[in-house]
Amino acid sequence: MPRTPNEYAVYLLLETGHREEVRFPTIQEFQKWYSGELVPKSASSDFISVPIKNIQGEYMVVRPSRIVAIRVEPVFSSSVERFN
């Protein structure tokens with residue numbers, strides 16, 4: 001039986017060499033944000049909001065034209081890094 005991820009870690013790799021991590025509860029929520037916010041403004045230098053659902057009172061904005069790569073990684077509750 002295949003395992004189901006508890007959430008998805010999304011890494012935004014910026015042209016400056018920085019990497020930002022954002023977590024989404026489901027792949028569908030990531031796809032909704034990606035196709036609704038990021039893709040339509042991909043060439044824009046205007047800021048867009050990046051949802052940070054698990055950190056209350058904190059937010060992030062990014063210029064879509066500065067994102068050079070996106071990595072999506074499923075996170076399982078049984079992952080070793082969870083217990084560090």
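The values are calculated or read from the model by the stated rules, or taken from the named source; none is laboratory data. Treat the numbers as computed from the prediction; the structure is a model and nothing was measured. Neighbour counts are summed over all protein chains in view; Cβ atoms, including those assigned to glycine, are modelled from backbone coordinates with ideal geometry. These area figures cover heavy atoms from the full protein model, side chains too; ligands, DNA and RNA do not enter into them. Shrake-Rupley method; radii C 1.70, N 1.55, O 1.52, S 1.80 Å.
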### Summary
Within the range 56-76, of all residues that are outside any strand (DSSP E or B) and open to solvent by less than 70 Å² (accessible area, probe 1.4 Å), the one modelled with the lowest pLDDT is 76
### Task
Could you check residue 7 against (1) in contact (Cβ under 8 Å) with a residue 60 or more places away in the chain; (2) open to solvent by 50 Å² or more (accessible area, probe 1.4 Å) and say which number it fails?
(2)
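Within the range 1-33, work out how many residues are in a loop (DSSP other than H, G, I, E, B), under 12 Å from the mean Cα position of the chain (by Cα) and not β-branched (Val, Ile, Thr). Spell out the reasoning first.
The initial filter retains those residues of the range 1-33 that are in a loop (DSSP other than H, G, I, E, B), namely 1-6, 15-18, 25-26.
Retained after the next criterion (residues that are under 12 Å from the mean Cα position of the chain (by Cα)): 25-26.
Then drop every residue that is not not β-branched (Val, Ile, Thr), which leaves 25.
Result for the range 1-33: 1.
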### Query
Cβ-Cβ below 6 Å, separation at least six or inter-chain, first residue in the range 24-41 and of a type in the set (Lys, Arg), second not in a helix (DSSP H, G or I): which pairs?
41/48
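I'd like the residue in the range 36-55 that is exposed (fewer than 14 other Cβ atoms within 10 Å of the Cβ) and under 15 Å from residue 8 (Cβ atoms) and, out of all such residues, is modelled with the highest pLDDT. Write out each step before concluding.
From the range 36-55, those exposed (fewer than 14 other Cβ atoms within 10 Å of the Cβ) are 36, 39-40, 42-47, 49, 53-55; that's our starting set.
Now narrow it down to the ones that are under 15 Å from residue 8 (Cβ atoms): 53-54.
Values: 53: 72, 54: 66.
So, considering only residues that are exposed (fewer than 14 other Cβ atoms within 10 Å of the Cβ) and under 15 Å from residue 8 (Cβ atoms), the one modelled with the highest pLDDT is 53.
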